[in-house]
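Scroll down for the structure; my scribbles are underneath it.
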Amino acid sequence: MRSHPDIVKDNKQSRTNALKAELRSIKLGDLSMEAQFTKNELIVTIITSLDSPVNDEDVVHYALEGLPDKYDQVCGIIHDKDTFPDLKTTRSMLLTEEMRLKSKSLALPVVSSSYPRIRSGTNNNGSITRGRGSNETENTTNALLAKLLPQLGTLGVNNTTTLASPAA
């Protein structure tokens with residue numbers, strides 16, 4: 001029959017192996033970058049408490065492997081550095097890239113209908129007139145801004161802009 005210390009040791013080893021497998025399998029998915037690193041750190045803390053330290057470089061590799069393709073450029077930069085970055089540096093680089101990608105996705109799409117329409121025609125006395133179209137374009141722009149400003153707030157951008165009220 002096996003002794004109690006041997007059973008505890010086997011349980012620790014089994015738990016450590018399961019946690020290391022989980023650490024290797026974490027994907028960014030719906031998590032934010034901050035949430036992914038928090039989850040990684042929690043698992044590393046538990047593994048370390050089971051007397052099985054985890055190499056910082058391994059944690060960086062696991063984090064990079066769990067990223068979607070849109071992070072390939074920054075992953076390449078991290079791998080090409082002369083000295084492999086530590087976890088803190090990698091986290092900072094990936095959080096910065098996540099913010100860049102989010103701000104890029106929040107950028108307003110270029111739609112021809114969002115440009116001011118220039119009207120050309122004649123007025124009542126027969127002379128040619130050119131000028132901006134109706135307030136329709138201004139209303140559309142204000143509506144887009146009203147949708148965009150709350151999203152910017154979630155990125156930590158302060159909203160100090162006030163929307164111009166459309167002319168009646």
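Where a number appears in this text, it was derived from the coordinates with a stated rule and is not lab data. Here the structure is a predicted model, which is why all the values come from computation and not from measurement. Counting neighbours? That spans all protein chains shown, and the Cβs are built from the backbone with ideal geometry, glycine included.
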Query raised in the report: Cross-link partners among aspartates and glutamates for residue 104, C-alpha distance below 20 Å, same-chain residues fewer than 8 apart left out?
Result: 30, 34, 69, 72
Query raised in the report: Taking the alpha carbon gyration tensor of the stretch 4-104, what are the square roots of 5 times its eigenvalues, largest first, to the nearest whole Å?
Result: 30, 14, 10
Query - 16 Å Cα-Cα reach of residue 12 towards aspartates and glutamates, excluding residues that sit fewer than 8 places from it in its own chain - result: 22, 51
**Report entry** residue 39-residue 105 pseudo-label distance in nm [points 7 Å out on the Cα-to-Cβ vector]
**Finding:** 1.6 nm
Query raised in the report: Extension gain residue 31-residue 58, at 0.36 nm per residue separation less the Cα-Cα distance, in nm?
Result: 7.7 nm
